[in-house]
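The values are calculated or read from the model by the stated rules, or taken from the named source; none is laboratory data. Treat the numbers as computed from the prediction; the structure is a model and nothing was measured. Note that we place each Cβ from the backbone using ideal geometry, even for glycine, and neighbour counts take in every protein chain shown. All accessible areas refer to the heavy atoms of the entire protein, side chains included, with ligands and DNA or RNA removed. Shrake-Rupley method; radii C 1.70, N 1.55, O 1.52, S 1.80 Å.
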Amino acid sequence: MAEPGREPVDRDKRTTLRRFAALGAASPLAAFVGSSSESDARSAIAGYVSSTPGAHFSKIRDDLSLGTGETQHHLRRLVDAGAIESHMDGEYRRYFPEGRFSAFERRALGYLRRETPRGMLIALLSEPTTTGSAIAERLDVSTATVSNTAADLEEAGLLARNEGYAIERPETLISLLVRYADSFDERTVRFASRADELIRYDP
C-alpha cells in the first residue's frame with residue numbers, strides 16, 4: 001500500500017517529466033535522447049536545459065524531482081553525447097545546450113539565474129539612471145549588497161561603474177530576459193511584456 005501522500009507526489013513528478021520531455025522532444029536535443037527506458041527522464045532534462053539555460057545541477061534535480069544519482073547519470077550521458085555543455089560558475093556547475101551561447105551570454109545567464117543580480121540588471125535596463133540606493137530599496141536588500149553585486153557584475157563584464165552604473169551590451173541582456181522570461185520569475189515576465197519600449201531604432 002502506498003504511503004499517505006506518496007501518489008500525488010509521484011503524479012506531480014510524472015506530469016513535470018512529461019511536460020519537459022515534450023519540450024525535449026521538440027528541441028534540437030531530441031536526437032541525443034535515445035529510445036531506452038530511461039528516455040523520459042533524459043528527455044525531460046534535455047527539455048529543461050533547452051528552456052532554462054544556465055540552470056545549475058541542484059535546480060535541475062529539484063525542479064524535475066529526480067534523484068541525485070539519476071540526474072548525474074543523465075546529465076553525464078547528454079554531455080558525453082554532445083547535446084549539452086557545462087561550465088563552472090563560482091560554486092555552481094551550470095548547463096547549456098551545446099554551442100548555442102557565446103561566453104558572454106553564458107556569463108550573463110549565470111547572473112540572471114541569481115535573484116539579486118537579475119533584479120539589479122532589470123532595474124537598470126528599465127531605468128538606466130537608477131541609483132544604488134533606489135535599487136536597494138526596490139529589491140529590499142542593503143546598499144552594501146547592491147555595491148557587492150555591482151562589483152561582481154563589473155568583473156563579469158556585464159556592468160561598467162564610473163559615475164553611475166552602465167549595462168554592457170544591454171540588447172543582449174534584454175534578448176535573454178525576453179526569450180527565457182518564463183524560466184525566471186514574475187518580475188521578469190512583466191519586464192519582458194514591455195521590453196519593446198526599451199529598444200529604439202536609430203538608423
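In order along segment 80-93, the phi-based Karplus estimate (6.51 cos²θ - 1.76 cosθ + 1.60, θ = phi - 60°) of 3J(HN,Hα) comes to 4, 7, x, 7, 10, 10, 10, 9, 6, 9, x, 8, 9, 9 Hz; Gly and Pro are listed as x.
Working note: Karplus 6.51/-1.76/1.60 with θ = phi - 60° gives segment 113-121 the couplings 7, 9, 4, 5, x, 4, x, 5, 5 Hz, where Gly and Pro are set to x.
Placing dummy labels 7 Å off each Cα toward the beta-carbon, the span from ARG161 to GLU115 is 2.2 nm. When PHE104, PHE57 are compared by accessible area at a 1.4 angstrom probe, the order from most to least is PHE57, PHE104. Summary of the geometry: segment 52-94 and segment 138-174, compared by the centres of their Cα atoms, lie 27 Å apart.
On full extension, the segment bounded by GLU70 and ARG100 gains 8.3 nm, given 0.36 nm per residue less the C-alpha separation. Over every Cα atom in segment 94-203, the radius of gyration and the widest Cα-Cα span, Dmax, amount to 13.5, 41 Å. The residues neighbouring ALA160, those whose beta-carbon lies less than 10 Å from its own, together hold a net charge of -1 under the Lys/Arg +1, Asp/Glu -1 convention.
Ordered from highest to lowest accessible area with the whole protein assembly present and a 1.4 Å probe, TYR95, TYR165 read as TYR165, TYR95.
Ordered from highest to lowest accessible area with the whole protein assembly present and a 1.4 Å probe, TYR92, TYR111 read as TYR92, TYR111. Extension gain, ASP185-GLU154: 0.36 nm per intervening residue step, less the Cα-Cα distance, totals 8.8 nm. Shape class for segment 139-203: oblate, because the ratio a/c of the largest to smallest gyration tensor axis (alpha-carbon atoms, square roots of eigenvalues) is 1.5 or more and b/c is at least a/b.
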